[in-house]
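Enquirer: If you scroll down you'll find the structure; I have some questions about it.
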Amino acid sequence: MDKIYKALAEIVGEEFVSNRKEELYIYSRDSGLSEPRFPDYVVMPRTVEEVQKIIQLANKEKIHVVPAGASLSLSGLTIPQKGGIVIDMRRMDRILELNRKGRYVVLEAGVTQGKLQAFLEENAPDLCHSLPEAPPSATVVGNLVIHGQGNLTQAYGFNSSMISGLEVVLPNGEICRIGSCSLSPYWFSIEPLPYLAGLFLGWFGTTGVITKVGLRLYPKKKLRDVELFVLEDPKLVSEVIYRVTHTEMAEDITTVAQPYPLMFQGTIMIGIYLTGDTEEELEFKRRLIWSSLSELIKAKEGGFMALTPDMKVGFLEKPMSSLTRSADILKGGGFVYCGAIIPIEKFPEALKKLFEIAERNGVTFAHTGRVIGRGHCMMFAFAYPFNRADLERMEKAKRALFDSYVATLEIGGVPWKPGAEEQKLILERMDKNSVELIKRIRELLDPNKIMNPGNWEVEL
Amino acid sequence: MSMELHRCFRCGWCKLPSDFVDYNCPSYAKFRFESFSPGGRLWLIRAWLNRELTWSENFAKILFSCVACKNCAEQCKMRFKDEIVDWITSAKSLAIEKGLAPPKVRDFLENIAKHGNPWGLPRAQRASWLDLNKFEGEEDLLYIGCECAYEERGQKMAKNVIELFKIAGLSFGTLGNEEECDGNEAYMLGELGLFQELASKNTQKFKELGVKKVITISPHAFNAMKKYPNRDFEVLHFTQLLLELIQKGKLKLSELDLTVTYHDPCFLGRHNGIYSEPRKILKSIPGLKLVEMKRNKENSFCCGGGSGNFVFDLLGGSESPARLRVREALNTGAEILAVACPICKAMFEDAVKDEASDLEVKDIAEILLRSAERI
């Protein structure tokens, strides 16, 4: 038996380590279009101490390590670019603490969005976390580590800004706590200490393995509703967002533009989600939002679309399964998207680019988006479904995806959760001193270069 | 099949129940590698068919540890959801056709083909324990099934059902040693030829005897017979008939001070949509308190015994589905875990022993009989 396999089996137990071809095959790819790259081992730890021992072993053996959640980024972030050990974190799935009055929860890195959602439903039905539209099998930490967004992002910013504490295994195997939990039993705040959390968020596992997280919870109102504002002129989208966010009455604001069904062609739909504990509260918010858009309605620039109860059910589902279902639009089991983080006034430019890219590459497309903060920026998705059994279509979607990353950078945006190739595009354009800082931080934290190599790799 | 497999996105909804409370795919919950999830399994089947992967012992384990509980089809959000179990069954079928099935699976099927039961026990033993007249044109045929005929715990369950039918004054008989395997596991393991043969034998036998209505004890038999081509007889699960008997006043029930939780068998629940009858029976017993496990009805978590795993048990061990389910039952505070399937009963009784738990596993007929006998 090879010595690394044996050592891993001693750490986690033989049933939770594999170097069998079936596991290596599955962990060599995700549901997106990144090239498969095979790991040498897959391992599933249960405790932080086991993670620590795996990292210590990796340092000793100079073998690469790739931490993984549900591998649902669609951009290959947990595909081992240079082989090594994939650490599937999903056996660490305990919710350790709920502080109801302090509105935070402490959980292990393998807890899924669905499990946390169900836990809160049962134990704190008046609280919720910011839920992304990813499938419920996605992990909470996976979303945080890529600076994901959720239904509360419009009100409170990126989900990663809702972190109240972290436990991390550093690349040298040390266990490190960040925030109030580093000096107190309470995981209530990252601030006011030096902001070390930034060393681990957005780095895609290249600076350590997050093993626990403290996450802020927010009031969950008893009622939730959605209004759909429809307009044709993309230039007015930022105005609509500005007006609605200014009321501070919306929970979430999303955008959709797609060629199908035909009735939606040429339109942009802005989903405005409202919550309230009473019908009166809901109605009050609804009136303020309608009033904020009344001038546009009077000028016939747009209007609210009546939604049937069936349509509302789909829009109000948490998370929305229709987004997952879009992977089967071409009966093909796949879609990819470039999530561009852009200033809201760049919406028309981004939409124009999307149409151009789709036409140039001959691909089906869709746009979905979400407002981040009170209109401080938005995530604009250039999305392309593809057919996994049609190599030509896959190639076209891949080219369209790459063009979308380039377009994002051209219009002054920042690609969200870019894959290894797209990270290079970003690093090429980034301020040289910022790039140098990234390099120095990685060298300092990970002198043996074991952590998820191929990602944020600076070659100066 | 290979034309459609690529449609799986591997999004993972299929692993969970509808409220997401925990993993609900038995093989994924047990092994935790993505390869053992429904999506992982479908991607591996596609890779095998495309010759990207060759057959191996591990792949065989991945394929045959699918218990066909149908949670994946219940929870999948795609339009092809109803085909998922068939795709996996087709892959098993192909493996069997190519002679690649693991020895335990092969023996299981050979025993059914040769001896009419998965253990290879003599046909003469099938009804040796049964003190009941053979079917001679009675109103109902009670189909005992392999799991009840050859397994002591199943026999006890069958005796409970028979006793209740007698109390209710039902006219019924059995086929005794002439009973043939129902073929459900052959179907789910992809041995469709064997299934068709068994279906044909049973249909022919029922026709010869003039059987109009078959009452099954096992939901697996119930499911299989529903699939029989050219079926000209009615099939009921025993819980459906018991409820009818209670509602007609043919079973008088006395008080039982018990707290019970009920486990939905996959082949009664998700495969055939029968959720309310067993619950109505339990609720009809005065004093009995029915408490639900978190995962119930469409979200029920399988015992891990389906698709032959009650014999070759690829999912055994400290985190087996049956042991996980027993822990969930214990969390309800119930003293009894009620079942409506002889396979679930055996799986849970073993799990309770392994967990060193005080929880009692009782079939619904036993609980009902206890109440009925007190009158």
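Quick note: the coordinates plus some simple rules give every number you see, no bench work behind them. It should be emphasised that the depicted structure is a prediction, and the values quoted were computed from it without experimental measurement. A quick note on method: Cβ atoms are made from the backbone with ideal geometry, for glycine too, and the neighbour counts reach across all protein chains shown.
Enquirer: Just the Kirkwood number for chain A, please: inverse of mean 1/r across all distinct Cα pairs, in Å, one decimal. Don't skip to the answer; put the middle values down first.
Expert: On the way: mean 1/r = 0.0435 Å⁻¹.
Radius from the Kirkwood sum: 23.0 Å.
Enquirer: If the chain between A:Lys82 and A:Ile297 were fully stretched, how many nm would it gain, using 0.36 nm times the residue separation less the Cα-Cα distance? Working shown, then result.
Expert: On the way: separation 215, 0.36 × 215 = 77.40 nm, distance 5.52 nm.
Additional length available on full extension: 71.9 nm.
Enquirer: Alpha carbons only, please: Rg and Dmax for the stretch A:323-421, in angstrom.
Expert: Using the Cα atoms of the stretch A:323-421, the pair Rg, Dmax is 13.1, 42 Å.
Enquirer: Could you list log10 I(q)/I(0) for the protein assembly as shown at q = 0.10 Å⁻¹, which the Debye formula gives when each Cα is one point scatterer?
Expert: -1.11
Enquirer: Counting other Cβ atoms within 10 Å, keep those with at most 11, restrict to DSSP loop, and tell me which trypsin sites (Lys or Arg not before Pro) in the stretch A:300-361 are left.
Expert: On the way: sites: A:Lys300, A:Lys312, A:Arg325, A:Lys331, A:Lys346, A:Lys352, A:Lys353, A:Arg360; in loops: A:Lys300, A:Lys331.
Sparse-neighbourhood loop trypsin sites (Lys or Arg not before Pro): A:Lys300.
Enquirer: Can you pull the percent of Cα pairs in the stretch B:5-101 with separation above 23 Å?
Expert: Working: 850 of 4656 pairs.
So the portion of pairs separated by more than 23 Å is 18 percent.
Enquirer: Now a separate question. On C-alpha positions alone, give me the angle between the axis of helix A:432-445 and the longest principal axis of chain A, in degrees, nearest 10.
Expert: Rounded to the nearest ten degrees, it is 40.
Enquirer: From the Cα gyration tensor of the stretch A:367-460, with a ≥ b ≥ c the square roots of its eigenvalues, which class applies: rounded if a/c is under 1.5, or else prolate if a/b is larger than b/c, or else oblate? Spell out each step's value before the answer.
Expert: Working: a/c = 2.28, a/b = 1.40, b/c = 1.63.
The shape class here is oblate.
Enquirer: Working from the alpha-carbon coordinates of the stretch A:91-219, get Rg over Rh, Rh being the Kirkwood radius.
Expert: Numbers: Rg = 13.4 Å, Rh = 14.4 Å.
That ratio is 0.93, to two decimals.
Enquirer: Compare the Cα positions of B:Ala68, B:Leu100, B:Gly137 along the charge dipole of the stretch B:61-143 (+1 at Cβ of Lys, Arg; -1 at Cβ of Asp, Glu; about the Cα centre) and return the one farthest towards the positive end.
Expert: Farthest towards the positive end: B:Leu100.
Enquirer: Measuring from label point to label point, each 7 Å out along Cα→Cβ, what is the B:Asn272 to A:Glu121 span in nm?
Expert: In this crude label model, B:Asn272 to A:Glu121 measures out at 2.9 nm.
Enquirer: Here's something else I'd like to know. Only sites in a loop by DSSP and with at most 13 other Cβ atoms within 10 Å count here; which GluC sites (Glu not before Pro) in the stretch B:119-185 make the cut?
Expert: Numbers: sites: B:Glu136, B:Glu138, B:Glu139, B:Glu147, B:Glu151, B:Glu152, B:Glu163, B:Glu178, B:Glu179, B:Glu180, B:Glu185; in loops: B:Glu136, B:Glu138, B:Glu139, B:Glu151, B:Glu179, B:Glu180.
Those satisfying the criteria are B:Glu136, B:Glu139.
Enquirer: Follow-up question, since we're still on this one. Once amide H atoms are built 1.01 Å from N in the peptide plane, which residues 5 or more positions from B:Leu16, or in another chain, come under 5 Å H to H?
Expert: Those qualifying (amide H under 5 Å, at least 5 residues apart or on another chain) are B:Asn24.
Enquirer: HN-Hα J couplings of the stretch B:267-274 from phi, Karplus 6.51/-1.76/1.60, θ = phi - 60°, integer Hz, Gly and Pro as x?
Expert: 7, 9, x, 4, 6, 10, x, 9
Enquirer: Please report the projected area of chain B's Cα convex hull averaged over all directions, in nm².
Expert: Details: hull surface 70.5 nm².
The orientation-averaged projected area of the Cα hull of chain B comes to 17.6 nm².
Enquirer: For the stretch A:282-293, in order, what is each residue's ³J(HN,Hα) by Karplus, 6.51 cos²θ - 1.76 cosθ + 1.60 with θ = phi - 60°, in whole Hz (x at glycine and Pro)?
Expert: 4, 5, 4, 5, 4, 5, 5, 5, 4, 5, 5, 10
Enquirer: Which log10 I(q)/I(0) values does the stretch B:66-175 give at q = 0.14, 0.24 Å⁻¹ under the Debye formula, counting every alpha carbon as one identical point scatterer?
Expert: -0.81, -1.19
Enquirer: How tilted is helix B:321-331 with respect to the longest principal axis of chain B? Cα atoms for both, answer in degrees (0 to 90, nearest 10).
Expert: 50
Enquirer: Under a crude label model (7 Å from the Cα following the beta-carbon direction), how far is A:Glu459 from A:Lys6 in nanometres?
Expert: Between A:Glu459 and A:Lys6, the label points sit 3.7 nm apart.
Enquirer: Please give the calculated 222 nm ellipticity per residue for chain A, where each DSSP H segment of at least 4 residues contributes -39500 (n - 2.57) and the sum is spread over every residue; nearest 500 deg cm²/dmol? Each step should come with its number before you reach the end.
Expert: Numbers: 15 runs with 153 residues, N = 460.
It lands at -10000 deg cm²/dmol.
Enquirer: Give the Cα extents of the stretch B:123-244 along the principal axes, in whole Å, largest first.
Expert: Principal axes ranked by extent give 40, 29, 27 Å for the Cα atoms.
Enquirer: Using only the Cα atoms, work out Rg/Rh for the stretch B:159-223, with Rh taken as the Kirkwood radius, to two decimals.
Expert: Details: Rg = 13.4 Å, Rh = 13.2 Å.
Ratio of gyration radius to Kirkwood radius: 1.02.
Enquirer: Another question about this same structure. Using the basic label-point model (7 angstrom from Cα toward the beta carbon), what is the A:Glu421 to A:Lys101 distance in nanometres?
Expert: Calculated label separation equals 5.5 nm.
Enquirer: Compute the angle between helix B:38-49 and the longest alpha-carbon principal axis of chain B, please, reported from 0 to 90 degrees and rounded to the nearest 10.
Expert: 50
Enquirer: How large is ³J(HN,Hα) for each residue in the stretch B:161-174, as worked out from phi by the Karplus curve 6.51 cos²θ - 1.76 cosθ + 1.60 (θ = phi - 60°), to whole Hz, x for Gly and Pro?
Expert: So the Karplus estimates, Gly and Pro as x, are 5, 4, 4, 5, 4, 5, 4, 7, x, 6, 9, 7, x, 10 Hz.
Enquirer: 5 Å is the cut-off here: which amide hydrogens, built 1.01 Å from N in the peptide plane, fall below it relative to A:Met249, excluding neighbours closer than 5 in sequence?
Expert: Close amide H contacts, sequence-distant or interchain: none at all.
Enquirer: With r defined as the distance between the Cβ atoms of B:Lys114 and B:Asn58 and R0 fixed at 30 Å, what FRET efficiency is calculated, to the nearest 0.05?
Expert: Details: r = 29 Å, r/R0 = 0.97.
With a Förster radius of 30 Å, E is 0.55.
Enquirer: OK, next. Across bins of 10 angstrom width beginning at 0, how are the C-alpha pair distances of the stretch A:3-89 distributed, in whole percent?
Expert: 19, 54, 24, 2
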